[in-house]
Amino acid sequence: MTKKDKLIQKILENKKISTDEAIKILINLGFKSKTRIRSGSSHKIFTKEEMTITLVLNRKELKPYQIQDLQEILKKEGY
C-alpha cells in the first residue's frame, strides 16, 4: 500500500489529518492552488474543474467539515 493509498484510507475512515497531508493529496489528485489577490491570507483555495475546497493554513489539523469535503471529493474521484 502506497503512502497515497494510506492517506486516502485515513481520510475515508474519518481520522484526523494535517493541513499538509490534505494539500499533498489534493495536489496529487490534480487540484490547482488559487491564490487570492491580497497576500498574507490564512486560507488557500484548491480547484479542479467544478470542484473547490478551501483550507485554513494556520491550523494543524482539518476541521470535521473539511474532512467531509475531502471525502466527497475522493468519492467523485472514484475512491
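Each of Asp69, Asp20 was scored by other Cβ atoms within 10 Å of its Cβ. Listed from fewest to most, they are Asp20, Asp69. For the chain, pairs of C-alpha atoms spaced more than 15 angstrom apart make up 53 percent of the total.
Exposed loop sites here are GluC sites (Glu not before Pro) in DSSP loop states with at most 11 other C-beta atoms within 10 Å. What is the longest stretch of the chain lacking them?
14-48
When the helices in the chain are scored as -39500 (n - 2.57) per DSSP H run of 4 or longer and the sum is shared across all residues, what 222 nm value do you end up with, to the nearest 500 deg cm²/dmol? Present the calculation step by step, with values, prior to reporting the outcome.
Working: 3 runs with 33 residues, N = 79.
One gets -12500 deg cm²/dmol as the mean residue ellipticity at 222 nm.
Would you mind checking the tilt of helix 19-28 against the longest principal axis of the Cα atoms of the chain, expressed as 0 to 90 degrees and rounded to 10? Helix 19-28 and the main axis of the chain meet at about 80 degrees. Exceedance of the 21 Å cut-off in Cα-Cα distance is limited, within the set Lys4/Lys34; Lys6/Lys34; Lys6/Lys44; Lys10/Lys63; Lys15/Lys48; Lys16/Lys48, to Lys4/Lys34; Lys6/Lys34; Lys6/Lys44; Lys15/Lys48; Lys16/Lys48.
No lab work stands behind these numbers, since they all come straight from the coordinates. This structure is a prediction, so every number in the text was calculated from the model and none was measured. Note: ideal-geometry Cβ built from the backbone for every residue, glycine included; neighbour counts use all protein chains shown.
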